[in-house]
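Contents: one structure, followed by commentary.
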Amino acid sequence: MNKFSRIGFILAAAGSAVGLGNIWRFPYITGEYGGGAFILIYLLAILFIGLTMFLAEAVIGQNGQSDVSTSFVALSTSKNKNWKFAGFMVATGLIILSFYSVVLGWILDYVITSFSTLPNEASIAGANFERLISEDVGSLIVYHTLIAGTVIFIVLKGIKDGIEKINLILMPLLGLILAGLLIYALTLDSFSQAVSFMFTPDFSKIDSHALLAALGQAFFTLSLGVGTILTYSASLPKKANFVKSSIVVAIVDTVIALVAGLIIFTFLFTAGAESAAGPGLVFISLPVIFSGWGMLGHIIAVSFFVALVFAGITSAVSMIEPALRFFIERYKISRQKATLICGGSFYFLGIIALLSMSKSFGAHLTFFGKNAFDIMDFMTSSIMMPLAAILICIFLAYFVEKDTLKEKFLAHTNETVFNIWYFLIKFIVPIAITILLLNKLGAI
Ligand code: PHE
C-alpha cells in the first residue's frame, strides 16, 4: 500500500506547512504589525487554534484512510452520505496552487537573475519587480510551466516514491540553507536589533486587524482548511501517533518561521531598511541589500531564493494531493488520469492568474475591481478555508461520537489533553474562525 513511513509523514506534513507562508508572508506581516506583540499573538494562535485544527484533520484522516469525502462519511455517527459534500475543500488546494505556482515562478526568476545582477536601489528593484509581473508574460508562462511540470512529475510517482522522497531530499537541504543564513545573520551587529524587534512586545500596535491577521496566518502556515493534512494523515499508518506527529510539525513550522524572520530582519536592519514594506519585503527590499554585499551578496541571494523554491515545491505538491486522492478513490480512476485532470486545471487557472496581473490582459481579467489573481487568493484564504474549518469543527463536535474520538486520542495522550482539545474544537475555534470569516466578508 502506498503509505508514508512515520518520519516520511512528519517530513511531508512539515514540508507542506513550511512554505512561502513562513519565509515570505510571515516576516512581512510581522513587519507590518510591528514585531513582538504580533508574534506573541501568532504563537498563541498556533497553539490554541492551529494545532487544534491540525489534530482535527489528522484524526479524521488517519481513521478514514481515504479521501476527504469518504473519510467524513466513514467517521460520522450516522454514516450519513451527505457528508461527502465536505469534499468541496479539495478544490481550495487546486485554486491556491494556481497562484502559488505563479509566485514560485517569480521566485525562479529571482534565482536566475541573482546570479548576475542585483538592483542597487529600491526604485530600480521596485521597477524590476513591476516589469516582471506586468510585462514579462512570456517568461512568467515558462516559469509557471516549469513549476507546474515539477509538481505534476512528483505527484505522478505517488505518496512514497514521489511526495515522501522529494521531502526527504528538499527538507534537509532547506534546513541547511536556512542554518547557513542564520549563522551569517548571527555575525552581523543588527542581529540583536532583529531579536528585540521580534521578541519585545509593543501592544500599542495591536488591534483587531492584527489579531485576525495572526489567526489567518496560523491557519495558512499549517496548511489547514484545504484537506491537505487530512489527506496526508490518511496515508499515515493506523497505529502511528498522530498527536505527537502533529505537535512536531507545528513546532518545526513555527521554528522555521521565526528563523526566517530573524534572518530577514537582521539583513534589513543592517541596511537601515524599513521593516513594514509589505509584500515587497522579499522581492524589493532584500535584493537591494544583497547588492551591497558584492560576491557574498550574490551567493546569499541565490541561496535565499533557492530556499524559497524548495519550501514552496514541498507545499505545492501537498495542495494537489487532496484533489488527486478524491478523484482516485471516488471515481476509481488512475493516479495518472487524476493528475491529468487536476494538473491541467490548476495549470490553466495559473495562466489566468498570471495574465490578470499583466498590462496587456489585466483589464479583461479584472472583475469588481479585483484581478483574477486577487480573486483566487480572496476566495480561498478568506472564504473557502475558513468555511472548511468551521465545517470540520461542527462535524467533530456534533456529528461524530465523542467516545470514538476520545478513544483515538487516549491511545496516544491523556484525558486532560483530549478534554482541552474537545472544548477548543467545540467552542473556541469555530467562534474565532466565524469572526475571521465575517470580518473578511466585510460584515464586521
Ligand atoms: N502552508 C503553506 C505555506 O505556508 C501553504 C499551504 C496552504 C500549503 C494550504 C498547503 C495547503 O506556504
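Can you tell me which residue in the range 155-195 is nearest to R335 (Cα to Cα), limited to those that are assigned to a helix (DSSP H, G or I) and acidic (D, E)?
D161
Restricting to the range 358-376, name every residue that is touching a residue at least 24 places away in the same chain (Cβ under 8 Å) and in contact with a strand residue (DSSP E or B) (Cβ under 9 Å, 6 or more places away or on another chain).
Once the filter is applied, which keeps residues that are touching a residue at least 24 places away in the same chain (Cβ under 8 Å) and in contact with a strand residue (DSSP E or B) (Cβ under 9 Å, 6 or more places away or on another chain), the range 358-376 yields only G362.
Go through F38, F4 for me and flag whichever is part of a loop (DSSP other than H, G, I, E, B) and open to solvent by less than 10 Å² (accessible area, probe 1.4 Å).
Numbers: F38 fails: part of a loop (DSSP other than H, G, I, E, B).
Only one candidate qualifies: F4.
Quick test for you: out of G93, G87, pick the one residue that is assigned to a helix (DSSP H, G or I) and either of a type in the set (V, I, T) or in contact with a Phe, Trp or Tyr (Cβ under 7 Å, 6 or more places away or on another chain) (or both).
The unique qualifying residue is G87.
Show me the helices (runs of 4 or more DSSP H) found entirely inside the range 214-298 where at least 2 residues are among the polar types (S, T, N, Q) and touching a residue at least 60 places away in the same chain (Cβ under 8 Å).
228-233, 242-270
Could you run through the range 220-242 and say how many residues are over 18 Å from D67 (Cβ atoms) and either out of contact with any helix residue (DSSP H, G or I) (no Cβ under 7 Å at 6 or more places or on another chain) or open to solvent by 10 Å² or more (accessible area, probe 1.4 Å) (or both)?
Qualifying residue count for the region: 3.
Of the residues that sit in the range 74-90 and are surrounded by fewer than 20 Cβ atoms within 10 Å (Cβ to Cβ) and not hydroxyl-bearing (S, T, Y), which one is farthest from A353 (Cα to Cα)?
The extreme case among them is K79.
Go through the range 116-146 and give me each residue that's farther than 20 Å from D374 by Cβ, part of a helix (DSSP H, G or I) and touching a helix residue (DSSP H, G or I) at 6+ places or on another chain (Cβ under 6 Å).
Residues satisfying the conditions are A122, A125.
So which residues in the range 91-116 are of a type outside the set (F, W, Y), within 11 Å of the ligand (Cβ to nearest atom) and open to solvent by 10 Å² or more (accessible area, probe 1.4 Å)?
Result: L94, I95.
Look through the range 312-369, keep the residues that are over 28 Å from Q65 (Cβ atoms), among the aromatic types (F, W, Y) and assigned to a helix (DSSP H, G or I), and return whichever of them is farthest from the ligand (Cβ to nearest atom).
Of everything passing the filter in the range 312-369, F348 is farthest from the ligand (Cβ to nearest atom).
Checking the condition farther than 20 Å from L132 by Cβ, within 16 Å of the ligand (Cβ to nearest atom), open to solvent by 20 Å² or more (accessible area, probe 1.4 Å) and among the aliphatic types (A, V, I, L, M), which residue from V259, V249 passes?
Values: V249 fails: open to solvent by 20 Å² or more (accessible area, probe 1.4 Å).
Step by step, each of V259, V249 is checked, and only V259 is farther than 20 Å from L132 by Cβ, within 16 Å of the ligand (Cβ to nearest atom), open to solvent by 20 Å² or more (accessible area, probe 1.4 Å) and among the aliphatic types (A, V, I, L, M).
With N82, N120 as the choices, which residue is among the polar types (S, T, N, Q) and free of Cβ contacts under 8 Å to residues at least 40 places away in the same chain?
N82
For L324, which of the numbered conditions (1) out of contact with any strand residue (DSSP E or B) (no Cβ under 8 Å at 6 or more places or on another chain); (2) open to solvent by 20 Å² or more (accessible area, probe 1.4 Å) fails to hold?
(2)
Of all residues in the range 1-50, how many are within 14 Å of the ligand (Cβ to nearest atom), aromatic (F, W, Y) and more than 14 Å from the chain's Cα centre (by Cα)?
Count: 2.
One line per residue, one yes/no per condition, for (1) under 21 Å from the mean Cα position of the chain (by Cα); (2) open to solvent by less than 10 Å² (accessible area, probe 1.4 Å); (3) acidic (D, E):
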{"site": "S275", "(1), (2), (3)": "no, no, no"}
{"site": "V306", "(1), (2), (3)": "yes, no, no"}
{"site": "Q336", "(1), (2), (3)": "no, no, no"}
{"site": "G350", "(1), (2), (3)": "yes, yes, no"}
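Of the residues in the range 196-213, how many are at pLDDT below 95 and part of a helix (DSSP H, G or I)?
Here the count works out to 9.
Can you tell me which condition F153 does not meet? The list is (1) within 16 Å of the ligand (Cβ to nearest atom); (2) free of Cβ contacts under 8 Å to residues at least 40 places away in the same chain; (3) aromatic (F, W, Y), and all the others hold.
Condition not satisfied by F153: (1).
Within the range 38-69, work out how many residues are among the charged types (D, E, K, R) and either free of Cβ contacts under 8 Å to residues at least 60 places away in the same chain or touching a Pro at 6+ places or on another chain (Cβ under 8 Å) (or both).
1
The values are calculated or read from the model by the stated rules, or taken from the named source; none is laboratory data. Predicted model, so just to flag it, every value in this text is computed and none were measured. Note that we place each Cβ from the backbone using ideal geometry, even for glycine, and neighbour counts take in every protein chain shown. All accessible areas refer to the heavy atoms of the entire protein, side chains included, with ligands and DNA or RNA removed. Shrake-Rupley method; radii C 1.70, N 1.55, O 1.52, S 1.80 Å.
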